[in-house]
Amino acid sequence: MEGEKKKYMTSEELKSHNKEGDLWISIQGKVYNVSDWVKEHPGGDVPILNLAGQDVTDAFIAYHPGTAWSHLEKFFTGYHLSDFNVSEVSRDYRKLASELSKMGLFDTKGHVTCLTLASVAAMFLIVLYGVLGCTSVWAHLGSGMLLGMLWIQSAYVGHDSGHYVVMTSQGFNKVAQILSGNCLTGISIAWWKWTHNAHHIACNSLDHDPDLQHMPVFAVSSRFFKSITSQFYGRKLEFDCIARFLICYQHFTFYPVMCVARVNLYVQTILLLFSKRRVHDRALNIIGILVFWTWFPLLVSCLPNWPERVMFVMASFTVCSIQHIQFCLNHFAANVYVGAPSGNDWFQKQTSGTLDISCSSWMDWFFGGLQFQLEHHLFPRLPRCQLRKISPLVSDLCKKHNLPYRSLSFWEANQWTISTLRTAALQARDLTNPVPKNLLWEAVNTHG
């Protein structure tokens with residue numbers, strides 16, 4: 001009530017509320033109890049579990065529209081942080097976010113989604129004609145390659161619709177998610193949200209970011225050789241004799257593995273949807289996956305013989321591997337750390353863990369805007385058509401606070417990534433570092 005004396009608690013006291021069933025957070029110095037809300041949180045439980053017990057203002061601003069603030073009051077505990085303070089970096093980040101909002105950039109989405117969906121539809125029709133209406137092996141090869149490009153563009157729509165509303169309503173946005181993700185690519189939007197939100201919150205944390213946990217196939221840091229525990233998957237990432245052998249040659253196997261990386265994503269989708277874990281819209285996601293596993297095998301079966309079927313599938317996988325490689329380039333060669341993400345260094349952690357890929361504006365469609373990886377990580381709700389526009393602003397802010405802003409050509413980013421993998425591979429060959437024996441099933445749980 002107005003005039004009631006404020007209650008205070010310290011940041012140290014807030015830290016004790018960081019366990020499941022007792023999850024408190026602070027936003028702009030006000031303390032909220034989200035212990036029950038975590039089950040309904042649209043972004044999943046992982047972001048809250050990772051950031052509970054601390055101030056999360058920057059992450060909240062990054063992920064939520066202005067309308068979300070009105071929902072906070074029902075979670076207010078009555079406490080304020082007595083030692084609440086805002087760093088200069090956070091102050092400037094929040095100021096920039098406010099300015100972008102006033103400029104209307106979060107709401108100006110252009111026609112990117114409509115154009116992309118139209119191109120996906122056109123490519124799908126051409127693929128159908130190439131397989132069903134042509135007898136030439138070259139037409140079949142071209143159709144497979146075009147299907148890979150279709151998957152790339154469709155994934156960008158799924159990615160965008162997972163971060164912000166790209167359609168005219170939430171309902172149509174969900175349709176776009178299921179259609180572009182589950183139905184067309186065979187990868188569940190529910191699986192993507194689960195892993196992707198964790199990745200954004202804990203960008204390049206070796207034990208919290210699932211996008212870096214590729215043991216036993218890849219290791220971007222020698223710290224994986226200590227068999228660290230994945231806080232995301234809740235299991236130990238064993239550095240055993242199998243992992244050592246594979247990692248010793250990872251700088252050679254990187255591109256071949258990327259060509260078949262989709263198989264792992266299909267497996268992870270099935271494992272999540274049929275697990276005991278709480279999954280939003282589980283039935284809808286399963287239906288979407290069934291649609292994919294109906295049309296795709298049927299299409300492949302229409303090819304005249306097995307050699308052409310294998311060629312078609314591998315051509316589509318290989319072209320689509322460009323996207324998998326791109327995502328690796330954005331993070332593999334960046335700085336890494338061990339430990340939970342911190343709410344008070346949001347901007348610093350994002351700049352540290354990301355690399356941009358420089359290209360001409362006419363190539364934005366090919367990279368889906370995600371070549372501006374840092375800009376996207378700082379403002380995940382910002383439509384991709386605005387990322388190039390804010391790039392100079394982000395660069396200036398990084399310079400002001402002496403933080404890294406790395407923008408490499410596609411070739412340079414590949415060189416950096418292979419160099420990172422080679423360094424870890426050579427360290428893995430050091431036979432003075434003993435490894436325990438373990439089971440091969442770890443390979444099935446590799447994510448990438």
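The values are calculated or read from the model by the stated rules, or taken from the named source; none is laboratory data. Everything numeric here is computed off the predicted structure, so don't read it as measured data. When we count neighbours, we look across all protein chains shown, and the Cβ atoms used for this are built from the backbone with ideal geometry, even at glycine. In case anyone asks, the SASA skips ligands and DNA or RNA and just uses the protein heavy atoms, side chains included. Shrake-Rupley method; radii C 1.70, N 1.55, O 1.52, S 1.80 Å.
Quick notes
- Among the residues of the range 222-243, those that are of a type in the set (S, T, Y) and touching a residue at least 40 places away in the same chain (Cβ under 8 Å) comprise S222, S227, Y233.
- As a summary of the residue check, A118 satisfies the conditions (1) of a type outside the set (S, T, N, Q); (2) free of Cβ contacts under 8 Å to residues at least 12 places away in the same chain; (3) under 15 Å from R381 (Cβ atoms) except for the one numbered (3).
Table: residues versus (1) closer than 28 Å to L393 by Cβ; (2) modelled with pLDDT of 95 or more; (3) part of a loop (DSSP other than H, G, I, E, B).
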position	(1), (2), (3)
L49	no, no, no
A62	yes, no, no
G78	no, no, no
L96	yes, yes, no
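- Matching residues, the range 122-142, being farther than 16 Å from P304 by Cβ and either exposed (fewer than 13 other Cβ atoms within 10 Å of the Cβ) or in contact with a Pro (Cβ under 6 Å, 6 or more places away or on another chain) (or both): A122, L125
- Test for V300: is it in contact with a Phe, Trp or Tyr (Cβ under 8 Å, 6 or more places away or on another chain) and at pLDDT 95 or above: yes
- All positions within the range 240-255 that are open to solvent by 30 Å² or more (accessible area, probe 1.4 Å) and among the hydrophobic types (A, V, I, L, M, F, W, C): C241, I242, F245, L246, F252
- Residues satisfying the stated conditions in the range 398-407, i.e. open to solvent by 20 Å² or more (accessible area, probe 1.4 Å) and either hydrophobic (A, V, I, L, M, F, W, C) or within 21 Å of the chain's Cα centre (by Cα) (or both): L403, P404, Y405, R406, S407
- Residue, farthest from F379 (Cα to Cα), within the range 147-162, restricted to residues that are open to solvent by 20 Å² or more (accessible area, probe 1.4 Å) and touching a residue at least 40 places away in the same chain (Cβ under 8 Å): M149
- Condition check for S154: within 21 Å of the chain's Cα centre (by Cα), among the polar types (S, T, N, Q) and modelled with pLDDT under 95: no
Listed here are the residues, each with its yes/no results for (1) closer than 30 Å to A424 by Cα; (2) surrounded by fewer than 22 Cβ atoms within 10 Å (Cβ to Cβ); (3) of a type in the set (S, T, Y).
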position	(1), (2), (3)
V257	yes, yes, no
T269	yes, no, yes
W293	no, yes, no
S301	no, yes, yes
N330	yes, no, no
S342	yes, yes, yes
C359	yes, yes, no
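- The range 200-239: number of residues that are closer than 22 Å to F252 by Cβ, open to solvent by less than 10 Å² (accessible area, probe 1.4 Å) and outside any loop (DSSP other than H, G, I, E, B): 2
- Applying a threshold of 9 Å to beta carbon distances and a minimum spacing of six or more residues, or different chains, the list of pairs starting in the range 34-54 at a residue that is more than 9 Å from N18 (Cα to Cα) and ending at one that is among the hydroxyl-bearing types (S, T, Y) reads G43/Y63; V46/T195; P47/Y63.
- Matching residues, the range 81-113, being free of Cβ contacts under 8 Å to residues at least 12 places away in the same chain and more than 29 Å from E12 (Cα to Cα): S98, E99, K102, M103, G104, D107, H111
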